[in-house]
Amino acid sequence: MHSDLLGLSFTADDFLLTFAIMSGVMLILFILLIVNIIKTGRLRKKYEAFMMGKNAESLEDTLVKRIQQVDELLTYEAENRENIQKIFDSLKFTFQKVGMVKYDAFHEMGGKLSFSLALLDQKNDGFIINAMHSREGCYTYIKEIVNGNSIIVLADEEKEALDIAMGLKKLTAPVED
């Protein structure tokens with residue numbers, strides 16, 4: 001049997017062969033479609049499990065929460081920086097440098113009961129306390145220090161305490177009673 005379509009001649013065998021090839025291709029495409037549907041279903045289940053996260057909380061909710069926490073931490077960090085700077089500014093006016101010299105003021109009593117104590121801030125401003133012990137009592141004097149200098153003349157022990165506080169002289173031995 002011969003058929004003439006559009007000027008092409010087909011036999012029944014040609015038609016059956018073409019139909020078989022097309023059916024085979026369709027079957028392969030159908031199998032690939034089924035495999036693709038199964039893989040897509042598995043992928044969708046994994047995606048949904050990933051997006052739901054723990055305790056039925058979505059990944060989006062978790063990310064939004066974490067971003068809010070980071071924003072809060074950045075705010076706290078800025079506040080902490082500001083507070084730390086205030087602390088450092090305040091520390092400039094606290095006594096940071098100390099120098100002490102013990103001595104026997106009148107060379108008549110046993111032990112070094114008298115002392116000179118220098119207390120200075122970062123700018124070497126502060127004061128020196130000088131306590132002199134004798135048999136009659138204790139006399140205490142205070143002298144102001146500005147930029148590492150005193151308007152009032154300093155005794156040798158006071159100068160030594162001031163030098164120790166300013167780091168000009170190292171303490172060689174621990175202070176003894």
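The values are calculated or read from the model by the stated rules, or taken from the named source; none is laboratory data. As the structure is a computational prediction, the values presented were derived from the model and not from experiment. As a convention, Cβ positions derive from the backbone with ideal geometry for all residues, glycine included, and neighbour counts pool all protein chains shown.
Taken over the stretch 143-160, the criterion of being among the acidic types (Asp, Glu) and over 14 Å from Leu117 (Cα atoms) is satisfied by no residue.
Of all residues in the stretch 111-142, those being under 47 Å from the mean Cα position of the chain (by Cα), more than 12 Å from Gly99 (Cα to Cα) and among the aromatic types (Phe, Trp, Tyr) number 1. Scanning the stretch 143-163 for any residue that is of a type in the set (Gly, Ala, Ser), closer than 17 Å to Tyr103 by Cβ and modelled with pLDDT of 95 or more turns up at least one such residue. Just one residue in the set Asp125, Asp89, Asp104 is acidic (Asp, Glu), free of Cβ contacts under 8 Å to residues at least 12 places away in the same chain and either exposed (fewer than 11 other Cβ atoms within 10 Å of the Cβ) or within 17 Å of Asp163 (Cβ to Cβ) (or both); that residue is Asp89.
Scanning the stretch 128-150 for residues that are in contact with a Ser or Thr (Cβ under 8 Å, 6 or more places away or on another chain) and of a type outside the set (S, T, N, Q), we see that the one that is surrounded by the fewest Cβ atoms within 10 Å (Cβ to Cβ) is Glu144.
Search the stretch 107-119 for residues being among the small types (Gly, Ala, Ser) and at pLDDT below 90, and hand back the single one that is surrounded by the fewest Cβ atoms within 10 Å (Cβ to Cβ). It comes out as Gly110.
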